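Read through the structure below, which is laid out as structure tokens, and then see the notes.
The values are calculated or read from the model by the stated rules, or taken from the named source; none is laboratory data. Since this is a predicted model, take the numbers as computed values, not measurements. Because the Cβ atoms are built from the backbone with ideal geometry, glycine has one as well, and the counts that use them run over all protein chains shown. We work out accessible area using only protein heavy atoms, side chains counted, and drop any ligands, DNA or RNA first. Shrake-Rupley method; radii C 1.70, N 1.55, O 1.52, S 1.80 Å.
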Amino acid sequence: MKLTAIIEREGTGYVSLCPELDIASQGRSVEEARDNLREALELFFEAASPEELAQRLHGEIFVTQVEVALG
């Protein structure tokens, strides 16, 4: 299954988020944050009931940028 991973710098590390399931992790590098998120997602899928999965899984996620005026 392909899911979205949003990774951003936070302090000296990185935070990773899967918006489809609202699951997050972190790491010291982008790669570590991504790998830790993958592990968290795999553990979730192992433990979650079908009901929890249906409740938490968001269908379509769109990641884009918007332009806004400053000042």
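If only residues of the range 42-64 that are over 13 Å from the mean Cα position of the chain (by Cα) and open to solvent by less than 90 Å² (accessible area, probe 1.4 Å) are counted, the one that is nearest to Met1 (Cα to Cα) is Phe45.
Specify which of the listed residues (Glu32, Glu39, Glu67) is part of a helix (DSSP H, G or I), loosely packed, with under 12 Cβ neighbours inside 10 Å and not small (Gly, Ala, Ser).
Numbers: Glu32 fails: loosely packed, with under 12 Cβ neighbours inside 10 Å; Glu67 fails: part of a helix (DSSP H, G or I).
Among Glu32, Glu39, Glu67, only Glu39 is part of a helix (DSSP H, G or I), loosely packed, with under 12 Cβ neighbours inside 10 Å and not small (Gly, Ala, Ser).
Name the residues in the range 5-29 that are touching a Leu at 6+ places or on another chain (Cβ under 9 Å), open to solvent by 70 Å² or more (accessible area, probe 1.4 Å) and either assigned to a helix (DSSP H, G or I) or hydroxyl-bearing (Ser, Thr, Tyr) (or both), would you? Matches in the range 5-29: none.
Of all residues in the range 47-61, those being under 10 Å from Leu21 (Cα atoms), outside any helix (DSSP H, G or I) and hydrophobic (A, V, I, L, M, F, W, C) number 1.
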